[in-house]
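Just so it is clear, none of the values below were taken in a lab; they were calculated from the coordinates. Quick caveat: nothing in here was measured; it's all calculated off a predicted structure. Because the Cβ atoms are built from the backbone with ideal geometry, glycine has one as well, and the counts that use them run over all protein chains shown.
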Amino acid sequence: MISVAMPCTRDQAARAGTRSSSPNAWRDRAAVDALVRAEPHRSTMGRYPPVMAASAFRFWEVPPEELPPSWDDARRRLAPSPEGER
C-alpha cells in the first residue's frame, strides 16, 4: 500500500484545483514525517503560521494501481462527517 497525504486548507479542498496544493503519494507515513521535519520545509512552513493554522491533513492508503490520488477522493475525505467532525 502507498500512503497518500493531502495537505491543503479546507477552503482549498472545497475549490480543489485552484491552488498549488495537491494530493501526494508517499512510500509511507514515515517518509512524510521525515520531509516535514527536514529543511527547507520546516523553516519555510514556520514562516506561515496563519496559513498553517487553517490547514487540514488527511492520510490514507491506496494500492499502487490507484495512483495518482485524485481531487475527487481528496474532497470526499476532507468533507465534514455527518457528525460534523473533520
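Summary of values
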item: Stretchable slack from ARG75 to ALA31, in nm (0.36 nm times residue separation minus alpha-carbon distance); result: 13.5 nm
item: Peptides 42-52, 57-67 ordered by average Cβ neighbours within 10 Å, highest first; result: 57-67, 42-52
item: Theoretical FRET efficiency, 1/(1+(r/R0)^6), r = Cβ-Cβ of ARG42 and LEU67, R0 30 Å, to 0.05; result: 0.65
